[in-house]
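FYI, it's all coordinate maths here, none of it is from the lab. Worth saying up front: this structure is predicted, and the values here are computed from it rather than measured. So basically every Cβ, Gly included, is an ideal-geometry build from the backbone, and we count neighbours across all protein chains shown.
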Amino acid sequence: MAEKISVAQARRPEAIGKEVLLQGWVRTRRDSKGGFSFLELNDGSCLGNIQIIADNRLLNYESEVKRLTTGCSIAVEGVVQASPGREQATEVLASRIFVYGWADPEKYPLQKKRHSYEFLRTIAHLRPRTNSFGAVARVRSAMSFSIHRFFQEEGFLYIHTPIITASDCEGAGAMFRVTTLDPLSKEPRNPSQDFFGKPTYLTVSGQLEAEAYACALGKVYTFGPTFRAENSNTTRHLAEFWMVEPEAAFFELSDNMDLAERFLKRIFRDVLEQCAEDMEFFDRWVEPGLIQRLQEIIDSEFVRLTYTEAIDILQKSGETFEFPVEWGRDLQAEHERYLTEKHFRRPVILIDYPRQIKPFYMRVNDDGKTVRAMDVLLPRVGEIIGGSQREERLDVLEQRMEELGLNKENYWWYLDLRRFGTVPHSGFGLGLERALQFVTGMGNIRDVIPFPRFPGNAEF
Ligand code: 4AD
Ligand code: MG
């Protein structure tokens, strides 16, 4: 009986001599004189294909095998043997080939040549069959698991925060409203008949709810989809993205910085180790030198400095920036990149931002002008992590909310956390897609999530 194995398993020398069953999609077919053909088969288990040798002893050789084209799905039974070729260790001599599905070459949009990422975005349902998107999917899976492993090992409890929420965490207003539809007309119902009795939104961050759990269980993290209706058509923004947010009681900003640095190094290291073949692919085809640069970051010590110090460096840099550098204004991607790529040539953790450019929940410093914010900036992608120490003093927090015109009644439960047994605590959020962009070298964030949502696009 043939053993059902994956292409990844069949490519290993240990498989030689085994009788196997492989199932996957044909990448290419090449016919040779003398009545045999080579098929390249891929099943997504790894980047590489396995070469199948099919010859005219197969009953369907003329009728089917010689009609196979890119995208056809097949099963192959055969024996794994050592390959005389240098590119691969093994190949499979087929004794039976079964065709599950044909893919009309006149219509199938994927061909052997390289397609542009722009084109592939229009066929997001088929792009996982390409080398690049298969590799992205495997790295995304490995990184997600690495994130869980890291926090579990650090003693953080995984909690699930709601997707539908009534509170606006970032106070930025870039939210999607949740409505119910009239069952007949399929039109949104009158807001006064709202299902929840109050306006609700898709969450922009699980932080506020994570704080409630941190202020009971100590160390927690939430990891799930978050939504932002910001109309930013950039290579770094999505309307739906995944965020991992640790939150810890009795954590000062310095603890938070240490955690963020350990965390990033760990997930980068895990991906390099566990996705070696895919990472070599990105290094070769997407961003030359990528692996070396990741390794340098793993071995480096992140620079830590205040926003005020950063402004000073930028002003003295002699660079001409598109956006002005002025104390009190938010940093733009070009400023973040200058700091990480030109000035320090290392990751930078920036802290103590002006209070007026940061959300209400960040702890106000003694100077009264800055807050205990923390952004982690990386070369090429800029901000990858945003976080802070939280304001745990009820009176200061209430005053901040008033200043910002927030309705305190809506946040009554959040204020309760300061009313009853308040503690210093901190946390941060890492955008999974920004991290993936960084480790894969992919230029556009839309290409590191399976089905990207951005203004004007929700086709799939
Ligand atoms: O800096 P942000 O807005 O911070 C928060 O939401 C905090 N509540 C997190 C916390 O402290 N628990 O977002 C955090 C990170 C950013 O650094 C970035 O990596 C990512 O989320 N991010 C986005 N990624 C893709 N598309 C967008 N539109 C993003 N907005 C933020
Ligand atoms: Mg931010």
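Neighbours of Thr69, meaning other residues whose beta-carbon lies under 9 angstrom from its beta-carbon, give a summed charge of +1 when Lys and Arg score +1 and Asp and Glu score -1.
Selection among Phe133, Pro450, Asn42 by position relative to the dipole of the chain gives Asn42 as farthest towards the positive end (Cβ unit charges, Cα centre). Angle between the Cα long axis of helix 290-299 and the longest principal axis of the chain, 0 to 90 degrees, nearest 10? Taking Cα atoms only, the helix is inclined about 40 degrees. Rounded to the nearest 10 degrees, the inclination of helix 276-285 to the longest alpha-carbon principal axis of the chain is 90 degrees. In a fully extended conformation the segment linking Ser95 and Glu230 would gain 43.0 nm over its present Cα-Cα distance, using 0.36 nm per residue. Computed from the Cβ-Cβ distance with R0 of 56 Å, the FRET efficiency linking Leu415 to Lys112 stands at 0.35.
Within the set of other residues whose C-beta is less than 14 Å from the C-beta of Leu259, count the net charge using Lys and Arg as +1 and Asp and Glu as -1.
Here the count lands on -3.
For region 270-413, compute Rh as the Kirkwood radius over C-alpha pairs and then the Stokes-Einstein diffusion coefficient at 20 °C and 1.002 mPa s; write the answer in µm²/s, rounded to an integer. Approximately 124 µm²/s, per Stokes-Einstein.
In a DSSP loop and with at most 11 other Cβ atoms within 10 Å, there are no GluC sites (Glu not before Pro) in region 108-169. Calculated FRET efficiency, Thr122 to Phe176, Cβ-Cβ distance, R0 = 25 Å: about 0.55 to the nearest 0.05.
Note on the chain: with charges restricted to the Cβ of Lys and Arg (+1) and Asp and Glu (-1), its dipole about the Cα centre is near 1520 debye. Computed over the alpha carbons of region 1-111, Rg followed by Dmax gives 13.0, 39 Å. For region 205-285, the calculated P(r), taken from all Cα-Cα distances in 5 Å bins from zero up to the bin holding the longest distance, is 3, 12, 14, 16, 18, 17, 13, 5, 2, 0 percent.
Work out the FRET efficiency for Glu252 and Glu3 from their Cβ-Cβ distance, taking R0 = 60 Å, and round it to the nearest 0.05.
0.60
Between Phe323 and Phe195, the modelled label-to-label distance comes to 3.6 nm, taking each label 7 Å out from Cα in the direction of the beta carbon. Here the spin labels are modelled as points 7 Å beyond Cα on the Cα-Cβ line, and at Asn131 and Leu404 they lie 4.7 nm apart.
Each Lys and Arg Cβ is given +1 and each Asp and Glu Cβ -1; about its Cα centre, region 50-94 then shows a dipole of about 80 debye.
Which value, in debye to the nearest 20, gives the size of the charge dipole of region 130-246 about its Cα centre, when Lys and Arg are +1 and Asp and Glu are -1 at the Cβ?
340
Geometric descriptor of the chain, per residue, is 196 Å³ (volume of the convex hull of the Cα atoms).
Model label points for Ala216 and Val423, set 7 angstrom from Cα along the Cα-to-Cβ axis, are 1.4 nm apart. With the charge dipole of region 112-232 set up from +1 on Lys and Arg Cβ and -1 on Asp and Glu Cβ about the Cα centre, the Cα lying farthest toward the positive end among the listed residues Cys215, Thr200, Phe150 is that of Phe150. Between Trp102 and Ala166, the contour length at 0.36 nm per residue exceeds the Cα-Cα span by 18.1 nm. Between the alpha-carbon centres of region 217-251 and region 278-301 there is a gap of 25 Å. Near Gly24, once Lys and Arg are set to +1 and Asp and Glu to -1 for all other residues with Cβ below 11 Å from its Cβ, the sum equals 0.
Ordering Trp413, Gly382, Leu305 by the projection of their Cα atoms onto the charge dipole of region 268-427, which places +1 on the Cβ of Lys and Arg and -1 on the Cβ of Asp and Glu, puts Trp413 at the extreme positive end.
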